[in-house]
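Just below is one structure, and these are the notes that go with it.
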Amino acid sequence: MRRVGEPEIRAERADDPAGRALLVAYIADATTRIGEWDETRTPPAGAEAMAPPGGAFLVAYLAGEPVGCAGLVRLDEHTGEVKRMYVAPTARRRGLARALLAQIEEAALAAGYGRVRLDTSAGQPEARALYEAAGYRHVEAYNDNQYAAHWFEKELG
């Protein structure tokens, strides 16, 4: 049983109202960090790609309000990619990003992936620190995301 004030993380569709609102906030946040946002300059991560069986989309709630999200898309038969990790500024520093990351890794295992990859921009040093602390290792660029400066991979299981 969850205690009052603890986050709840649910699998939902990215194109449901909470997912859409969080993805808009994600893009706004990314824009302030990197100075622009052009969907054509980053690998696609649409609602269909982040849906089962090969994908997932998680929404974190605090006091019933959606405050964070994380997506998973299929890269290949053995590899999933974490996409659109975001926690609203008002909900940061509460362990939500770590909880979302752990649960998206569980979703990757359930989808049959043995590893996950992700990328992040130079404007997100806290994300980089989270991934390193969670056991991700730096790898060579595996995609052509023009906003990415760091690429990571983690073996699961």
> For the range 61-139, what is the Kirkwood hydrodynamic radius in Å, using each pair of distinct C-alpha atoms?
Replying inline: 13.2 Å
>> Using +1 at the C-beta of Lys and Arg and -1 at the C-beta of Asp and Glu, which of Y147, Y131, A110 has the Cα lying farthest in the positive direction of the dipole of the chain?
In response: Y131
> When the dipole is taken about the Cα centre of the chain, and only Lys, Arg (+1) and Asp, Glu (-1) are charged at their Cβ, what size is it in debye, to the nearest 20?
Replying inline: 560 debye
> For the residues I9, I27, what sequence is obtained by ranking on other C-beta atoms within 10 Å, fewest first?
Replying inline: I27, I9
> Among L62, L118, L101, which one moves the most in a GNM of the chain with springs linking Cα atoms closer than 10 Å?
Replying inline: L62
> Dividing the convex hull volume of the Cα atoms of the range 8-155 by its residue count, what figure in Å³ per residue is obtained?
Replying inline: 99 Å³
> Extension gain A134-D76, at 0.36 nm per residue separation less the Cα-Cα distance, in nm?
Replying inline: 18.6 nm
> How high is the relative contact order of the range 78-157, in percent, with contacts defined as C-alpha pairs under 8 Å that are six or more residues apart?
Replying inline: 34 percent
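Taken together, the values in this text are just the output of simple stated rules run on the coordinates, not laboratory data. From a predicted model like this one, the values you see are computed outputs, not experimental measurements. Backbone-built Cβ (ideal geometry, glycine too); neighbour counts: all protein chains shown.
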